[in-house]
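The values are calculated or read from the model by the stated rules, or taken from the named source; none is laboratory data. Bear in mind that the values here come from a model prediction, so they are computed numbers and not experimental data. Cβ placement follows ideal geometry from the backbone for every residue including glycine, while neighbour counts extend to all protein chains displayed. What goes into the accessible areas is simple: the full protein's heavy atoms, side chains included, and nothing from ligands, DNA or RNA. Shrake-Rupley method; radii C 1.70, N 1.55, O 1.52, S 1.80 Å.
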Amino acid sequence: GCYTTSVIAGVSERTLIAVKPDGVQRRLVGQIVQRFEQRGFKLVGMKLLQAREDILSQHYHDLHKKPFYPNLLRYMSSGPVVAMVWEGHNVVRTSRLMVGNTNPAEAYPGTIRGDYSVHISRNVIHASDSVEGAQREIQLWFDRRELVDWDCCDHSSSYQV
Ligand code: GDP
Ligand code: MG
């Protein structure tokens, strides 16, 4: 139950994953969700939305001065995104490994970017890069009430209890 989950260190770590507009257009949402499910993570929030500019601007607050920033905002608002919150042990770090290098040309085969993309300007997916960043991004993209606490029936198959 909830008690078991909360006493295992790190199990309740959460991260923000977003399938970007190119991933939604190319109907990769199912494949991407499947990878996180099969890895053993728990989905606690998910929605399809057209991202508002103020959210994108806060989301990419560290990139405002980059030359590619205007293109990045145009890309991210070119269609709907699927925003998700995934939970589990080390999920922030592990999902960055699953996603692969920012530049698909450097992303290993087997990673999401390495399997589904070729160019940095259309790299299919976002994943938070730190626990603090994840907390900030989850608050930005989701209302508390949109996140669901639930017990995965196979919890003890993925975690020592
Ligand atoms: P991420 O955390 O791996 O997504 O990478 P960053 O946080 O550094 O950058 C955020 C997003 O900006 C990337 O996923 C790309 O979509 C985009 N981006 C980063 N660097 C470049 C670049 O050099 N050129 C272009 N066109 N887009 C970039
Ligand atoms: Mg980043």
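Looking for whichever is loosely packed, with under 12 Cβ neighbours inside 10 Å and more than 13 Å from ligand 1 (Cβ to nearest atom) here; the options are ASP115, ASP151. Which one fits?
ASP151
Mind counting the residues in the stretch 20-72 that are open to solvent by 60 Å² or more (accessible area, probe 1.4 Å), touching a residue at least 60 places away in the same chain (Cβ under 8 Å) and within 16 Å of ligand 2 (Cβ to nearest atom)?
Within the stretch 20-72, residues that are open to solvent by 60 Å² or more (accessible area, probe 1.4 Å), touching a residue at least 60 places away in the same chain (Cβ under 8 Å) and within 16 Å of ligand 2 (Cβ to nearest atom) number 1.
Just to verify a result, which residue in the stretch 113-129, among those that are of a type in the set (Ser, Thr, Tyr) and within 16 Å of ligand 2 (Cβ to nearest atom), is farthest from GLN38 (Cα to Cα)?
SER121
Would you be able to tell me the number of residues in the stretch 97-112 that are closer than 23 Å to PRO80 by Cβ and either within 12 Å of ligand 2 (Cβ to nearest atom) or surrounded by fewer than 15 Cβ atoms within 10 Å (Cβ to Cβ) (or both)?
Number of matching residues: 2.
Taking the stretch 132-161, which residues are of a type in the set (Val, Ile, Thr) and farther than 24 Å from LEU73 by Cα?
Selection gives VAL148, VAL161.
Considering only the stretch 44-112, give the helices (runs of 4 or more DSSP H) lying wholly within it that have at least 3 residues that are basic (Lys, Arg) and at pLDDT 95 or above.
Answer list for the stretch 44-112: none.
Could you tell me which of the residues ARG122, ARG136 is in contact with a Phe, Trp or Tyr (Cβ under 9 Å, 6 or more places away or on another chain) and open to solvent by 80 Å² or more (accessible area, probe 1.4 Å)?
Sole residue among the options that is in contact with a Phe, Trp or Tyr (Cβ under 9 Å, 6 or more places away or on another chain) and open to solvent by 80 Å² or more (accessible area, probe 1.4 Å): ARG122.
Kindly check whether there is at least one residue in the stretch 130-144 that is modelled with pLDDT of 95 or more, within 17 Å of ARG35 (Cα to Cα), assigned to a loop (DSSP other than H, G, I, E, B) and within 15 Å of ligand 2 (Cβ to nearest atom). First the steps, then the outcome.
Applying the first criterion (modelled with pLDDT of 95 or more) to the stretch 130-144 yields 130-144.
Of the ones still in play, those that are also within 17 Å of ARG35 (Cα to Cα) are none.
Within the stretch 130-144 (the criterion being modelled with pLDDT of 95 or more, within 17 Å of ARG35 (Cα to Cα), assigned to a loop (DSSP other than H, G, I, E, B) and within 15 Å of ligand 2 (Cβ to nearest atom)), the answer is no, since none of the residues qualifies.
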